[in-house]
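Notes follow the structure.
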Amino acid sequence: AKAQIGVTGLAVMGSNIARNFARHGYTVALHNRSVAKTDALLADHGDEGSFVRTETIAEFIDALERPRRVLIMVKAGDATDAVINELADAMEPGDIIIDGGNSLYTDTIRREKAMAERNLHFVGAGISGGEEGALNGPSIMPGGPAKSYESLGPLLESISAKVDGTPCCTHIGPDGSGHFVKMVHNGIEYADMQLIGEAYDLMRRVLDLPAAEIGEVFAGWNTGDLESYLVEITAQVLAQVDAETGKPLVDVVVDAAGQKGTGRWTVKSALDLGIPVTGIAEAVFARALSSSTEQRVAARGLAGGTPGTAPADKATFIDDIRAALYASKVVAYAQGFDQIAAGSAEYGWDVDPGSLATIWRGGCIIRAQFLNRIREAYAENPKLPSLLLDPYFREAVESGVDSWRRVVATATTMGVPVPAFASSLSYYDGLRSDRLPAALTQGLRDYFGAHTYQRVDKPGTFHTLWSGDRTEVEQ
Ligand code: 6PG
């Protein structure tokens, strides 16, 4: 019998997805540039299901039933283009190529167009959940032509994570939409991790708590409205003791955070779309600062001024941090969903934010109880202007705002950096302000560049003759 799905690129993610398909009863054709990886997979896991071993692209294509469905799991970038072209040359009209890597959505738009011209379907699919998710159920965000989802959807849904029986996979929209939402997912992942890091740092540096105790605080938080995969694994990482030194693992790890690019892409795209994603941007910049090793070493002696005093009541301050974390998290998601709405409008994707929240409830790295609330918020009001205006989130943030301010104020007086907490609070205050100093910015722009301004009391465009008699003229 022919295979229902082919997977090319059998590094860990590719192998695990191939095994996941096989475990769900599909016959899976396997291909890898070097056949050794294919053989290793078959030797270790060949008994988990039905696999077809192939060596060449021709064999691989021949092993598949039609329309052929081939999932590419190779490194994003040039490697992906090379594999796509090789496959396309061997495929026939109606066949489907799925790119499951973290590709840049503009590449996906370009590739989809090129494949459509050859009568092939190209599906850029965001896949989240890491190695474990790939094997046991990831969250899958396929874009591409709706028609391709008829044949592909059932397979992807069957291997995806399930929450209350609902698959964590849905057709996101045309061409690059799947990779776009995966990119923003990763941006939110960055923000979530930065916020967790700031909460940890405050407990460490302001309250002087040992790592293991902070781990217990996170474990406790994981039973409330912060319940999420990232909070759960934070508790585990903080509990980990280094075998060699007996110190907490977190103390022997170099404090320079890496990044592969999806967070940076999110911020670049947000800049182009004009959407403030301050939480995500601060998270990306915090990783950059952490990795500026030479500069940090040189700057270590800079004076921090007179430190404030630590809060006397530890338990109350921990509650404050929890509230600050939750409120900042709401801001980061509100901003991320704003970016998705803007991207969707810009590219005509018609992405449904509610169904996106639904498929992020399980499988992916940002999976959380919280996503259920977001799903409910959009179910209640699909045209919600900001998540912060949903009654549930509004109440949650408003009731935590005093804590949030105390945390940012304490961090500031004690010299502990909280870029994501602080910028999220400033965003919140900016959003809810009646008047912003942007009016002054407009005045200055008009002064030095005759950039004009609008008035609050009448329509029209105006300019003050700054270098003349300073009367106002209507443009
Ligand atoms: C996921 C992850 C995954 C990967 C990120 C990490 O959703 O499963 O986001 O895609 O772990 O690329 O990104 P950084 O290396 O940039 O932190």
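The values are calculated or read from the model by the stated rules, or taken from the named source; none is laboratory data. Because the structure is a prediction, the values reported are computed rather than measured. Ideal geometry is used to build each Cβ from the backbone, glycine not excepted, and the neighbour counts take in all protein chains shown. Remember, those area values only see protein heavy atoms, side chains included, never the ligands or the DNA or RNA. Shrake-Rupley method; radii C 1.70, N 1.55, O 1.52, S 1.80 Å.
Taking all pairs of different Cα atoms in the chain, averaging 1/r and flipping that mean, what Kirkwood radius in angstroms comes out?
Over the chain, the inverse of the mean reciprocal pair distance is 24.6 Å.
Over the range 334-475, what lengths in whole Å, largest first, do the semi-axes of the equivalent ellipsoid take, defined as the square roots of 5 times the eigenvalues of the alpha-carbon gyration tensor?
38, 23, 14
Show me the three semi-axes of the equivalent ellipsoid for the range 184-278, from the C-alpha gyration tensor (sqrt of 5 times each eigenvalue), largest first, rounded to whole Å.
Sorted largest first and rounded, they come to 28, 16, 12 Å.
If I compute solvent accessible area with a 1.4 Å probe over the protein chains, what percent of it on the chain is carbon and sulfur?
That share works out to 53 percent.
At a temperature of 20 °C and a viscosity of 1.002 mPa s, determine how fast the range 310-410 diffuses translationally according to Stokes-Einstein, using the Kirkwood radius over alpha-carbon pairs as Rh; express D in µm²/s, rounded to the nearest whole number.
Answer, rounded: 146 µm²/s.
Report, in degrees rounded to the nearest 10, the 0 to 90 angle that the Cα long axis of helix 35-45 makes with the longest principal axis of the chain.
Long axis of 35-45 versus the principal axis of the chain: about 90 degrees.
What relative contact order, as a whole-number percentage, does the chain give when Cα pairs under 8 Å and 6 or more residues apart are counted?
12 percent
Counting other Cβ atoms within 10 Å of each Cβ, which trypsin sites (Lys or Arg not before Pro) in the range 104-154 have at most 16 and sit in a DSSP loop?
Loop-located and lightly packed - 118.
Compute the distance from the alpha-carbon center of the range 207-236 to that of the range 362-392, in whole Å.
23 Å
For the chain, report the accessible area per residue in Å² (1.4 Å probe, heavy atoms, rounded to an integer).
46 Å²
Using only DSSP helix segments of four residues or longer, with each worth -39500 (n - 2.57), what per-residue ellipticity at 222 nm results for the chain after dividing by its residue count and rounding to 500?
The helix-only estimate for the chain comes to -18000 deg cm²/dmol at 222 nm.
From the phi angles alone, apply the Karplus equation (6.51, -1.76, 1.60; θ = phi - 60°) to the range 66-73 and give each ³J(HN,Hα) in whole Hz, x where the residue is Gly or Pro.
Once rounded to whole Hz, the list reads 9, x, 6, 10, 10, 9, 9, 10.
Between rounded, prolate and oblate, where does the range 130-195 land on the alpha carbon gyration tensor, with a ≥ b ≥ c its root eigenvalues, rounded for a/c under 1.5, else prolate if a/b exceeds b/c?
Here the range 130-195 falls in the oblate category.
Under 16 Å between alpha carbons: how many lysine pairs meet that in the chain, if sequence neighbours fewer than 8 apart on the same chain are excluded?
7
Label the range 1-71 by shape, choosing from rounded, prolate and oblate, from the square roots a ≥ b ≥ c of the eigenvalues of the Cα gyration tensor; if a/c is under 1.5 it is rounded, and otherwise prolate applies when a/b is larger than b/c, oblate when it is not.
Since a/c reaches 1.5 but b/c is at least a/b, the shape of the range 1-71 is classed as oblate.
Which whole number of Å³ per residue matches the convex hull of the alpha-carbon atoms in the range 259-376?
Cα convex hull per residue, to the nearest whole number: 159 Å³.
Roll a 1.4 Å probe over the protein heavy atoms and report the accessible area of residue 292 in Å², nearest 10.
40 Å²
Can you give the Kirkwood hydrodynamic radius of the range 1-147 from its Cα pairs, in Å with one decimal?
Computed over Cα pairs of the range 1-147, the Kirkwood hydrodynamic radius comes out at 15.0 Å.
Please report the base-10 log of the normalised intensity I(q)/I(0) for the range 376-419, using a Debye sum with one equal scatterer per alpha carbon and no solvent, at each q in 0.14, 0.18, 0.22, 0.34 (1/Å).
-0.48, -0.63, -0.72, -1.08
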